[in-house]
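The values are calculated or read from the model by the stated rules, or taken from the named source; none is laboratory data. It should be emphasised that the depicted structure is a prediction, and the values quoted were computed from it without experimental measurement. In this analysis, Cβ positions are derived from the backbone assuming ideal geometry, glycine residues included, and neighbour counts consider all displayed protein chains.
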Amino acid sequence: TSQDAGKKAAAEKAVLDNITSDMGLYTQNKTIGIGSGSTIVYACELIGKLWNEKKLTKIKCVATSFQSEELVLKSRLPLGNLKEDYNIDVAIDGADEVDESLNCIKGGGACHVKEKMVAYNAKKVVIVADSSKQAKHLGQVWKKGIPIAVLAESRNYVRHRILAHVQQGSTCELRMSTSNKAGPVVTDEGLLMLDLQIANIRDYTNAQLHQLDTLLHGIPGVVGTGFFSHSLIHSVYFGFPDGRVLVL
Ligand code: DER
């Protein structure tokens, strides 16, 4: 689809700008965070190609999900792990939505807990997305709300505590699986997912978004949210259907 063309263009330019030229070809001892989702597939395939052509050497790839780990293994790239390889030079990952301040909503694929762990430990976080993810403010493009990963037992009191803090008309629903798994979505870490749709999210300032995220993380049982502050993000690559890439 045209979105795929944009994804591919963004992902490949991000790899060439950040995995080779910054580090130079014949990269030595670099650790790369590999995100999750569909856009990162193009990035991982190109990194694998460069690796197999010996244009990248001595790299380690830290995965952010089972899907991401499968990508690394399929590309025959060296798999690192956060227990040892947490000095990450660059993390490349997708996003569900990016606002004008470069705040991101992630977690559409329920992988945001480990994605944020990798992003937190990366010197540089590069987001790759097709242009349809570009938003003036959060909630404009991604309508499913802020993903929140919670310990299963906490799901109902967490829902009720959160709804008490946000505007009437907001919803916070348990994410149910729509694929071959009956019941709720279970993350790679064994967590459940709540999707928080705040009625007036488009009116939130950056400060209010940070305040909300701090509040959410303060509730025992909440493990991580899909709100990635602009302060975590180094650059964003938006790919357009005609192959053009906008870098912010
Ligand atoms: O779940 C995630 O956080 C993914 O990175 C998601 O936000 C992006 O997925 P996509 O590249 O398939 O749009």
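Pairs only if they're at least six apart or on different chains, beta carbon under 7 angstrom, first in segment 64-76 and more than 15 Å from GLY37 (Cβ to Cβ), second surrounded by fewer than 19 Cβ atoms within 10 Å (Cβ to Cβ) and acidic (Asp, Glu); list them, first residue then second.
Correct list of pairs: SER75/GLU45.
Give segment 73-89 a look and list any residue that's within 17 Å of ALA119 (Cβ to Cβ) and either within 16 Å of the ligand (Cβ to nearest atom) or in a strand (DSSP E or B) (or both), or say none.
ILE88, ASP89 - these are the residues of segment 73-89 that are within 17 Å of ALA119 (Cβ to Cβ) and either within 16 Å of the ligand (Cβ to nearest atom) or in a strand (DSSP E or B) (or both).
Return yes when GLN167 is in contact (Cβ under 8 Å) with a residue 12 or more places away in the chain, out of contact with any Cys (no Cβ under 7 Å at 6 or more places or on another chain) and surrounded by fewer than 13 Cβ atoms within 10 Å (Cβ to Cβ) and no when it is not. Break it down into steps so the answer makes sense when it comes.
Values: in contact (Cβ under 8 Å) with a residue 12 or more places away in the chain: yes; out of contact with any Cys (no Cβ under 7 Å at 6 or more places or on another chain): yes; surrounded by fewer than 13 Cβ atoms within 10 Å (Cβ to Cβ): yes.
So GLN167 passes the test.
Could you check segment 1-36 and list, in sequence order, the residues that are under 16 Å from ILE127 (Cβ atoms), surrounded by fewer than 23 Cβ atoms within 10 Å (Cβ to Cβ) and modelled with pLDDT of 95 or more?
Matches in segment 1-36: LYS8, GLU12, LYS13.
Counting only residues that are of a type in the set (A, V, I, L, M), give me the strands (runs of 3 or more DSSP E) lying completely in segment 139-248 with at least 2 of them.
146-150, 192-197, 222-225, 245-247
Tally time: how many residues in segment 197-248 are under 17 Å from VAL141 (Cα atoms) and of a type in the set (A, V, I, L, M, F, W, C)?
9
Name the residues in segment 90-117 that are more than 6 Å from the ligand (Cβ to nearest atom), outside any strand (DSSP E or B) and acidic (Asp, Glu), would you?
Across segment 90-117, the qualifying residues are ASP99, GLU100.
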